[in-house]
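**Student:** Below is one structure. I have some questions about it.
The values are calculated or read from the model by the stated rules, or taken from the named source; none is laboratory data. The model shown is predicted, which means the values in this text are computed figures rather than measured ones. Positions of Cβ are generated from backbone atoms using ideal geometry, with glycine treated the same way; all protein chains shown enter the neighbour counts.
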Amino acid sequence: MSAERKIFVLCLLVQQFLLLRGAKILTVSFVGGSHYMLMDKISRILQSNGHEVKMFSHFVDLSSDVKNQDVPYSHIVGKTEEKYVQETLRSFRGNITEFFSGRDSLHFNFAIVDQMSHQCKMIFNQSSIINSLKVEAFDIAVIDASNPCTFLLMEKIGKPFIAFFPTYSVNAGQVGIPSPLSYVPFLGTRLTDQMDFFQRVKNVLVYLLFHMAVNEKISSMFNDVIEENFPEGSKPSLSELYKKAELWIYNSDFAIDFPHPLLPHVIYAGGLLSEAPMHVSPELEDFISESGQAGFIIVCFGSMIPSYPVIEMNEGLAKLSQKVIWRYKQSDWPKEVKLAPNVKLMDWIPQNDLLGENLHFIYYYVI
């Protein structure tokens, strides 16, 4: 091989090594609880793979799962006014009480989004953080798309982004994912992929109502933020921003969804929080083994449910043949309510270990 060819090959090899560099990635989490846990997991995975990760979080923590902990990545926490915290907690618990009392879920969802719009105003008022994110040379961002404010933030700082969302069935139309209504049931219709004519008509009507009325209502809640923070002539709409995502990642799995088409920029990545199960404690093992082949039930409402529905829940669970492991803070249990004999209260449930247990049938119910 001539000297020139050797030098040429060497230059190619050096160039490849130079291209092997980690990216600078921003992750954004504006919803607490399990949403934060997922974004934290994503941030840790990216950091461990050689990327430089910085998370910007801002939320009212509604779950005791989220605690102050050491993280391997940089973390910016937005300031939250105490008044907003108290109003959010009061509103959320009040609305969820009404929800469990039979009030429609649409009202509950609107109340949640309304709180998000107030939170968004607070976030955009923290100009020093937003300006620092704007000038920092991020290659890309990964956002929790459950809060529409994350899209507005991306538009404000001008960074390309990847959107992470729980399930395609809620926002398929906004993202542009084809959803043939003849066999893809819309969320909340309680239909399957096997529909007769009238069920298909129902599916179409619910779909149209959601996309024409509900989406418009949700978008209007962020109009004030858009008016105050974007100049005339370049005011974005949320419907446009949803389609700007470089990639949509859904925290789901094909095995639990009805058959449906997907686009090249849509992928599934369910089970991010799953880990290899450990053996449960002997006390817990003895408790669940008493159910035999009937199995056991996990009830996990977090810490957000007030005491109002507890009596009804306790009475209902007492009628079941299965043993029930209920995540509920034992110190908050009403003293006047006698716990059902088949129910065990736990401040924290090793869900991953219980779900990985292969010696029992599992009925898993989470709200």
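**Student:** Could you say which residue among Pro180, Pro160 is at pLDDT 90 or above and exposed (fewer than 13 other Cβ atoms within 10 Å of the Cβ)?
**Tutor:** Values: Pro160 fails: exposed (fewer than 13 other Cβ atoms within 10 Å of the Cβ).
Exactly one residue qualifies, and that residue is Pro180.
**Student:** Ala3: at pLDDT 65 or above, over 27 Å from Asn131 (Cα atoms) and either outside the structural domain of Asp139 (by TED's automatic domain parsing) or among the small types (Gly, Ala, Ser) (or both), yes or no? Give the derivation first.
**Tutor:** Values: at pLDDT 65 or above: no; over 27 Å from Asn131 (Cα atoms): yes; either outside the structural domain of Asp139 (by TED's automatic domain parsing) or among the small types (Gly, Ala, Ser) (or both): yes.
No.
**Student:** Is there a residue being more than 17 Å from the chain's Cα centre (by Cα), at pLDDT 85 or above and either part of a loop (DSSP other than H, G, I, E, B) or closer than 30 Å to Ser179 by Cα (or both) anywhere in segment 297-310?
**Tutor:** Checked segment 297-310: no residue is more than 17 Å from the chain's Cα centre (by Cα), at pLDDT 85 or above and either part of a loop (DSSP other than H, G, I, E, B) or closer than 30 Å to Ser179 by Cα (or both).
**Student:** Does Val204 satisfy the criteria of being surrounded by fewer than 16 Cβ atoms within 10 Å (Cβ to Cβ), assigned by TED's automatic domain parsing to the domain that holds Ile130 and at pLDDT below 85?
**Tutor:** Working: surrounded by fewer than 16 Cβ atoms within 10 Å (Cβ to Cβ): yes; assigned by TED's automatic domain parsing to the domain that holds Ile130: yes; at pLDDT below 85: no.
For Val204, the condition - surrounded by fewer than 16 Cβ atoms within 10 Å (Cβ to Cβ), assigned by TED's automatic domain parsing to the domain that holds Ile130 and at pLDDT below 85 - is not met.
Here is a yes/no grid of residues against (1) in contact with a Ser or Thr (Cβ under 7 Å, 6 or more places away or on another chain); (2) surrounded by 13 or more Cβ atoms within 10 Å (Cβ to Cβ):
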site: Ala213; (1), (2): no, no
site: Met221; (1), (2): yes, yes
site: Ile226; (1), (2): no, yes
site: Asn229; (1), (2): no, yes
site: His260; (1), (2): yes, yes
site: Leu273; (1), (2): no, yes
site: Pro277; (1), (2): no, yes
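**Student:** OK, next. Is it fair to say Ile288 is crowded, with 17+ Cβ neighbours inside 10 Å, at pLDDT below 90 and part of a strand (DSSP E or B)? Let's see the steps before the verdict.
**Tutor:** Values: crowded, with 17+ Cβ neighbours inside 10 Å: yes; at pLDDT below 90: yes; part of a strand (DSSP E or B): no.
In short, no.
**Student:** Here's something else I'd like to know. Would you pick out the residues in segment 207-232 that are within 22 Å of Glu155 (Cβ to Cβ), in contact with a helix residue (DSSP H, G or I) (Cβ under 8 Å, 6 or more places away or on another chain) and modelled with pLDDT of 85 or more?
**Tutor:** Lys217, Ile218, Ser219, Met221, Phe222, Asp224, Val225, Ile226, Glu228, Asn229, Phe230
**Student:** When the residues of segment 83-115 are filtered to those that are small (Gly, Ala, Ser), loosely packed, with under 15 Cβ neighbours inside 10 Å and part of a helix (DSSP H, G or I), which remaining residue is modelled with the lowest pLDDT?
**Tutor:** Kept after step one, since they are small (Gly, Ala, Ser), are these residues of segment 83-115: 91, 94, 101-102, 105, 111.
Cutting the leftovers down to loosely packed, with under 15 Cβ neighbours inside 10 Å gives us 94, 101-102, 105.
Among the residues that remain, those that are also part of a helix (DSSP H, G or I) are: 94, 105.
Numbers: Gly94: 69, Ser105: 66.
Applying the filter and picking the extreme gives Ser105.
**Student:** Looking only at segment 337-357, count every residue that is under 13 Å from Glu285 (Cα atoms) and touching a helix residue (DSSP H, G or I) at 6+ places or on another chain (Cβ under 6 Å) and tell me the total.
**Tutor:** 1
**Student:** Oh, and also: Consider segment 170-201. How many of its residues are over 19 Å from Pro264 (Cβ atoms) and of a type outside the set (Asp, Glu)? Step through it out loud before you land on a result.
**Tutor:** Of all residues in segment 170-201, those over 19 Å from Pro264 (Cβ atoms) come to 170, 181-183, 185-201.
Those still in the list that are of a type outside the set (Asp, Glu) too: 170, 181-183, 185-192, 194-195, 197-201.
Selection size over segment 170-201: 19.
**Student:** Now, a different point. So how many residues does segment 319-335 have that are assigned to a loop (DSSP other than H, G, I, E, B), out of contact with any strand residue (DSSP E or B) (no Cβ under 7 Å at 6 or more places or on another chain), at pLDDT below 90 and not hydroxyl-bearing (Ser, Thr, Tyr)?
**Tutor:** So the answer is 3.
**Student:** Can you name the condition, by its number, that Tyr36 falls short on among (1) of a type outside the set (Val, Ile, Thr); (2) under 22 Å from the mean Cα position of the chain (by Cα); (3) part of a helix (DSSP H, G or I); (4) modelled with pLDDT under 75?
**Tutor:** Only one criterion in (1) of a type outside the set (Val, Ile, Thr); (2) under 22 Å from the mean Cα position of the chain (by Cα); (3) part of a helix (DSSP H, G or I); (4) modelled with pLDDT under 75 is unmet by Tyr36, namely (4).
**Student:** Against the condition surrounded by fewer than 18 Cβ atoms within 10 Å (Cβ to Cβ), in contact (Cβ under 8 Å) with a residue 12 or more places away in the chain and touching a Ser or Thr at 6+ places or on another chain (Cβ under 7 Å), how does Pro341 come out, does it pass? Reasoning before the result, please.
**Tutor:** Values: surrounded by fewer than 18 Cβ atoms within 10 Å (Cβ to Cβ): yes; in contact (Cβ under 8 Å) with a residue 12 or more places away in the chain: yes; touching a Ser or Thr at 6+ places or on another chain (Cβ under 7 Å): no.
For Pro341, the condition - surrounded by fewer than 18 Cβ atoms within 10 Å (Cβ to Cβ), in contact (Cβ under 8 Å) with a residue 12 or more places away in the chain and touching a Ser or Thr at 6+ places or on another chain (Cβ under 7 Å) - is not met.
**Student:** Of everything in segment 154-176, what is touching a residue at least 60 places away in the same chain (Cβ under 8 Å), β-branched (Val, Ile, Thr) and not in a strand (DSSP E or B)? Give them in sequence order.
**Tutor:** Scanning segment 154-176 gives Thr167, Val175.
**Student:** Which members of segment 244-265 meet the condition of being out of contact with any helix residue (DSSP H, G or I) (no Cβ under 7 Å at 6 or more places or on another chain) and under 30 Å from Phe124 (Cβ atoms)?
**Tutor:** Matches in segment 244-265: Lys244, Ala245, Glu246, Leu247, Ile249, His265.
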